[in-house]
Amino acid sequence: MCPQKSVLLSPSIKAASILLAEVEGSLTCLLFSHHKKVNMGSYLSGFFVWLKVTKHPEDTLKYLKDEVFLTCEVNKDGASAKWYHGDKELTNNNKVCMTNKGRTFELRIRDVQKADEGYYRIKVKCYDEEVESTANVKVKLVISRPLRDVKVNEGQEVTLTCEVNREDATAEWKKDDKLLTESNTDRDIVMEQQGKEFTLRIKHSQKLNNGIYTCLVKSGNEEALQSSAEVKVEEFEKDWRSTTFDYQTRDTLKTRLSQFNPHVKPLRILLYGPIGSGKSSLINSIDSIFKGRITSGAIADAVSAGESFTTTYKTHTIEWKFHEESGILPFVFNDTMGLEHEESKGVHPKDIIQILKGRIKEGYEFQKDPMPKVFWEQHPKPTDKVHCLVCVLPADKISFVHEDVIIKMKSIRQKASTMGIPQVVFMTKVDQTCSVVNSDLKKIYYSMKIKEKMEDCSNSLGVPVNFIFPVKNYSEENDLVLEVDLLILNALSRTVQLANDFVKP
């Protein structure tokens, strides 16, 4: 009951008061006078009805292309209404239909789409009174693009994409029912969201990445949705570079190289590259192959300490022993200090260029500044000059070689090219780059990852892929390994042939 209020009903009525009672929005008037009480509610209640919403439109969750119906009812006849989507007033068209039947107002939205989501507001007006009500329309979470099975060769990138119809969704990824997080995945696996799209990317796939991957998508209190796909990583069905791994081939290559008769003897092969690339280890590996046992003629650092282990310019002559015969290979190797990105560290590119010309003498200690011209060998012999330039790069670090080191290597290559000196790349540490190759070197030319590393190397230095040779140096082995020998011997045979072609009269 409302508190008693005194009102003046008419100038002719005196000493009267009314008691107003609200009943379901109507006012009942009880008139008091000196003589009697009169119930005038039936006469006055219509004048005191407040406009109000008796039925509010309800929040709606629909699938795409469904129809949406929003209904609003008020307590008075003769009212009018306007509907709004956000702040935009709606009008009747092929998609939206607004109707009014007595006190009921209805909004119909056909073929609901993502753009139709949001708050809908109705503004009802009756004379000077106005009321409003709102409802939220959402499209149900649906996976619009599910994951698809992926089959790739090892080393290739795997991309799994799941797309939904709402941007407010979030997702989690699982592999074989194990939740994937940043802490339990390696850096080759990246999970990201861009709007309605969820992506899991495996940069360099390996066989250990095989499995069932599931994307779990959630939005608010709605039931989570999921999509799954199988990732299958395989090797190449056929090798992309032909190589024979047998003892007869190894012996044939060793004999051919040891008995080779070049146009200039000895041919000089210069090794250069960044620190820790395995230049000295490569010379040791070649020496081991031709001696038939593990050796260490060129002292190499077992662990990269961030500084070059080679500090002086030295010529390495390789002795060979084979079938109770022995001799000296008709080609020699020169190792250099490693290239570094700092100007004050590592071998200076100008020194390497002078080595190419045969002007740096044996035993020269590499300095931060290039050798002064006064100390050059003024009249180098043909055998003092370099006949093939070999860049040694670690396969597992190609992507991380400092840009300044790449620039130095390119400048050396460019100068060698102007001199006509042939150039090749020995790509070392292939076993640390690909798990399949690590377990079986025979699979090296089946590995997509090794092929991609060779292409990266080619793009960085400009050396054609057919002049890039993946090899493994001896490092942990106590005995010779057929596959290690053959990879190095094949690369060495091509190098010696190129060097001999260069000095051909």
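Things to note:
- Condition check for LEU489: assigned by TED's automatic domain parsing to the domain that holds LYS397, within 24 Å of SER296 (Cβ to Cβ), hydrophobic (A, V, I, L, M, F, W, C) and modelled with pLDDT of 95 or more: yes
- Residue match in region 419-430 (condition: of a type outside the set (Gly, Ala, Ser), assigned to a helix (DSSP H, G or I) and buried (at least 22 other Cβ atoms within 10 Å of the Cβ)): yes
- Wholly within region 19-127, strands (runs of 3 or more DSSP E) carrying at least 2 residues that are modelled with pLDDT of 95 or more: 53-55, 68-74, 80-85, 96-101, 104-109, 118-126
- Residue ID - nearest to the chain's Cα centre (by Cα), chosen from residues in region 415-439 that are farther than 18 Å from THR336 by Cα and of a type in the set (S, T, N, Q): THR433
- Pick from region 132-170, criterion part of a loop (DSSP other than H, G, I, E, B), in contact with a Lys or Arg (Cβ under 9 Å, 6 or more places away or on another chain) and closer than 16 Å to MET191 by Cα, ranking: modelled with the highest pLDDT: ALA169
- Top-ranked residue of region 468-485 - restricted to ones that are within 18 Å of VAL390 (Cβ to Cβ) and in a loop (DSSP other than H, G, I, E, B), ranked as farthest from the chain's Cα centre (by Cα): TYR474
Each row is one residue, and each column tells you yes or no for (1) surrounded by 20 or more Cβ atoms within 10 Å (Cβ to Cβ); (2) acidic (Asp, Glu); (3) more than 29 Å from GLU403 (Cα to Cα); (4) in contact (Cβ under 8 Å) with a residue 12 or more places away in the chain.
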position: VAL437; (1), (2), (3), (4): yes, no, no, yes
position: ASN459; (1), (2), (3), (4): no, no, no, no
position: ILE468; (1), (2), (3), (4): yes, no, no, yes
position: ASN473; (1), (2), (3), (4): yes, no, no, yes
position: ASP485; (1), (2), (3), (4): yes, yes, yes, yes
position: ALA491; (1), (2), (3), (4): yes, no, no, yes
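- Looking only at region 326-339, and only at residues there that are in a strand (DSSP E or B) and farther than 23 Å from GLN497 by Cβ, the one that is modelled with the highest pLDDT: SER326
- Of the set (1) over 18 Å from the mean Cα position of the chain (by Cα); (2) within 27 Å of LYS397 (Cβ to Cβ); (3) acidic (Asp, Glu), all apply to ASP188 but (1).
- Residues of region 342-370 that turn out to be among the basic types (Lys, Arg) and modelled with pLDDT of 80 or more, as a count: 4
- Under the condition of being within 15 Å of LEU356 (Cβ to Cβ) and touching a residue at least 40 places away in the same chain (Cβ under 8 Å), the residues counted in region 396-419 number 9.
- Residues within region 366-390 that are surrounded by 14 or more Cβ atoms within 10 Å (Cβ to Cβ) and among the aromatic types (Phe, Trp, Tyr), tallied: 2
- Flag if VAL405 is under 41 Å from the mean Cα position of the chain (by Cα), closer than 30 Å to LEU482 by Cβ, at pLDDT 90 or above and among the β-branched types (Val, Ile, Thr): no
The values are calculated or read from the model by the stated rules, or taken from the named source; none is laboratory data. This structure is a prediction, so every number in the text was calculated from the model and none was measured. Every residue, glycine among them, receives a Cβ derived from its backbone with ideal geometry; neighbour counts consider all protein chains shown.
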